Amino acid sequence: MKTVSLDGAVVPFAEGQTVMECALAANISIPHLCFLPGFLPHGSCRLCTVKIDGRLASACTQPAMAGQHVEIDTEELRQVRLSLLRMLFVEGNHYCPACEKSGSCRLQKAAYDEGMLDLHYRPWYPKRKMDASHPDVLIDRDRCIFCELCVKASRDVDGKNIFGISGRGIDTHLVVNSKSGLLADTDISAQDRAVEVCPVGAILVKGRGFEIPIGKRLYD
Amino acid sequence: MGSNPLQLLIAIQKAFNHVPDDAICRVASALGLPISRILGDVEFYSFLSREPLGTYSVLMSDSITDWMLGSRELFLRLCGNLGVSPGVTRCDGLATVGKTSCTGMCDQGPALLVNGIAVANLTDERIDAISRLMEKQIPPVAWPDEYFRVESNIRRRGWLFQDWQGPILEGEVLLQEMTDAGLRGRGGAGFPTAKKWASCRDAPGSERYVVCNADEGEPGTFKDRVLLQHCAGRLFEGMALCARTVGAKRGFLYVRGEYRYLEAHLEAQLAARRDADFEIELHWGAGAYICGEESALLESIEGKRGIPRVRPPFPVTFGLHGMPTVVDNVETFCAAAAIAAGGGSEFRSLGTAGSCGTKLLSVSGDCARPGIYEYSFGVSVSQILEDCGAGNVLAVQVGGAAGSCLDASEFGRKICFEDLPTSGSVMVFDRTRDMREAALNFSRFFAHESCGFCTPCRVGTGILAQAMERISEGRGTEEDITEIGDLGGILKASHCGLGQSANRAVRDMLRKFPEHFEGGVN
């Protein structure tokens, strides 16, 4: 059986598995955001950055190869992850106390897990267009982290292909596949996987207001 | 153009000075693609715009070498002449004046693009004359020819420019000859070319493609411009040889949009080819440096935003439309054709042990004779400086914005894969220059050209540029200086080489010329 070394632990893997997949199978945690089992790996958030034989790589996209030496929990990588989280926080508007997703947000959880206590960088306060046109679903683009999980879920699971990513660089933004560009002109429903899969508070179901009490939320 | 979304959108932009929302929907429906995909293209490529631009759309080349030749002053002069604000279309719709990344005219800058066509050698007089022509609504085709003249400035010719006329080698014999000659990719990464071709040939696939990367966007590089002008025949021959070797029927020449002025020339050269078995199509870029990255380039040919792919798989097994594809640089295909025509043994005899043959260097900046220099690999920086007539040199930037900044103590270093690997950009800074300007220019460049896919590059290049803006305006802090250094470790986690190398030059400059930055820090 072929094996890789994950922080010293010798872990077997099957042909075609990524470093992330073989770590998950061995119950070894690698922090991640844009990766979700069941979806094609994306590799955009870079939170799962590990060091493979001396080179930084995203664990979710890197194929496992026999004899690989993978470092995960090192001071250098903790610093990289902390910086990446801070970057995600400052490029968007993530005001946790006022966000419906608080307590169930994967970005917030990752920040807690990594011990992020400040933003460090100056916040950018973006003003991206909000889409409140649909009766049941809302898009707050200032919270989007461009993981494209909604794009894939809507296209591949819901069969609706409602979302896409547009723009370039820091102007990258989530767009909606309708002539008007508005969610109201799509057949999205609050039950869609694309809505549920959003790791942050960028796509929210309307008509709810902090209905899960603190202490009972997903990551409490 | 056919049914390629990007080429259609470029044509629409040209016809209407923008891509109207209605056109986005129509293109999507005509091609059976999602609206978001077409919108994504329009909002990704710099030369496409959703807002109407003026009848005259002017983009001033914003490379550091343009700055050194006074482009920023000329830009303000042009805006003043026309009464426009940067990037804002004049209310009568006459003109829009903006900036764009390096247009590849560094040896004859400052330069601009007017409706996509290059005008070089700008002076106050030329800017004033152009302003008058625009006010009189005289179309660029009726402007004096000399405005559009682009010099080749070939200063030093070597092996590549020789007229190799031997019997043409093909297939396995050619691969062996290329291996023996030691040909490695000329784009900078240096992958053995024969190995790449053989891998593509041996990979499973119902079709194969040959793609030439002529999207040279690295600031300070213009060798492809000159090769396309002078050696297009040799280039197409190299692509055809590759096609016969790997078994490809179709090829693409991806040319950066900034070289649109070469269109008629290239089309004529293509029309002159007689090869029914291998068809080459021109594919125009539309203002995106990232498309020089080979997998982003393939995405772009497929009509998508130029986002680099997850690799592996590499293009040789999973390239254009998922088929085995060879992507090589213009200079590499030209060299392969020359080796096939008998140049192999001489190629082998030139250069260093690990870097055979010659390399075209694009030399610009503070020197008497900017232009194209062909050297055997292993040439020292000081030799280049002597030949191009550079005196009183403070620094040399090798490899463009993504490359390394050398100070005088390093001018003995050599251009080769073992020491200074480069696609060929050499920019010279003399002792009158403030390296803070170069650092600002490069950091802005990366923030503008980041594709936005991954966190460290999308955000990190922005943080870097903001820190440099503050330092340039004299309101930087020690923290900014520390931050620029620290960002390197995080940028290394980027998805592709753009982000990974985005702070290299700035970091070099801070370390080697700290006195240039002191004035910017309080």
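Every number in this text was worked out from the coordinates using simple rules, so none of it is lab data. Keep in mind that what you see is a predicted model, and the values were worked out from it rather than measured. Glycine gets a Cβ as well: all are built from the backbone with ideal geometry, and neighbour counts include every protein chain shown.
How big, on average over all directions, is the shadow cast by the Cα convex hull of chain A, in nm²?
13.1 nm²
5 Å is the cut-off here: which amide hydrogens, built 1.01 Å from N in the peptide plane, fall below it relative to B:Leu420, excluding neighbours closer than 5 in sequence?
Answer set, sorted by chain and number: B:Lys414.
Antiparallel DSSP bridges in the protein assembly as shown: what percent, to the nearest 5?
60 percent
Given Cα pairs under 8 Å that are at least 6 residues apart, what percent is the relative contact order of chain B?
Reported as a whole number, the value is 14 percent.
Compute the relative contact order of segment B:241-348 as a whole-number percentage, counting only Cα pairs closer than 8 Å that sit 6 or more residues apart in sequence.
Worked out over segment B:241-348, it gives 18 percent.
Going by a 4.7 Å Cβ-Cβ cut-off, which cysteines of chain A have no partner at all?
A:Cys22, A:Cys48, A:Cys60, A:Cys96, A:Cys99, A:Cys105, A:Cys144, A:Cys150, A:Cys198
How far is it, in nm, from the label point at B:Glu207 to the one at A:Ala98 when both lie 7 Å from their Cα along the line to the Cβ?
It works out to 5.2 nm between the two label points.
Give me A:Leu85, A:Leu182 ranked fewest to most by other Cβ atoms within 10 Å of their Cβ, as a rough exposure proxy.
Ranked by crowding around the Cβ, least crowded first: A:Leu182, A:Leu85.
Tell me the net charge near B:Ser345. Cut-off is 15 Å between Cβ atoms, B:Ser345 excluded, with +1 for each Lys or Arg and -1 for each Asp or Glu.
Net of charged neighbours comes to -2.
Can you give me the convex hull volume of the Cα atoms of segment B:56-148, divided per residue and expressed in Å³?
Measuring per residue, one finds 80 Å³ for the Cα hull of segment B:56-148.
Tell me, in nm to one decimal, what length is gained between A:Asp187 and A:Val205 on full extension, where the rule is 0.36 nm per residue of separation less the Cα-Cα distance?
Full extension from A:Asp187 to A:Val205 adds 5.0 nm.
Running Debye on segment B:311-467 with equal point scatterers at the Cα sites and no solvent, what base-10 log of I(q)/I(0) appears at q = 0.21 Å⁻¹?
Treating every Cα as an identical point scatterer, log10 I(q)/I(0) equals -1.25.
Can you tell me which of A:Ile188, A:Ile170, A:Ile162 moves the most in a GNM of chain A? Springs connect C-alpha atoms under 10 Å apart.
Its mean-square fluctuation being the largest, the pick is A:Ile170.
Cut-off 10 angstrom, C-alpha nodes, Gaussian network model of chain A. Which of A:Asn93, A:Asn27, A:Asn161 fluctuates the most?
Taking springs between Cα atoms under 10 Å, the residue moving most is A:Asn27.
What shape does the protein assembly as shown have by the C-alpha gyration tensor, where a ≥ b ≥ c are the square roots of the eigenvalues, rounded means a/c under 1.5, and otherwise prolate means a/b greater than b/c and oblate the rest?
Because its axes are fairly even, with a/c under 1.5, the protein assembly as shown counts as rounded.
Assuming R0 = 35 Å, what is the FRET efficiency of A:Asp171 and B:Ser382, from their Cβ-Cβ distance, to the nearest 0.05?
0.25
Treating the angle as unsigned and between 0 and 90°, give the value, to the nearest 10°, between the Cα long axis of helix A:75-91 and the longest Cα principal axis of chain A.
Taking Cα atoms only, the helix is inclined about 10 degrees.
Please report B:Leu498, B:Leu174 as a ranked list, fewest other C-beta atoms within 10 angstrom at the top and most at the bottom.
Going from least to most buried by this count: B:Leu174, B:Leu498.
Pick from A:His120, A:His69, A:His134 the residue whose mean-square fluctuation is largest in a GNM of chain A, springs joining Cα atoms under 10 Å.
A:His120
Mind giving me the nanometre distance, one decimal, between the label points for A:Val157 and B:Glu279, set 7 Å out from Cα along Cα→Cβ?
It works out to 4.2 nm between the two label points.
Using amide H atoms built 1.01 Å from N in the peptide plane, name the residues 5+ places from B:Gly351, or on other chains, whose amide H lies under 5 Å from its own.
Here the answer is B:Gly357, B:Phe377, since their amide H atoms fall under 5 Å of that of B:Gly351.
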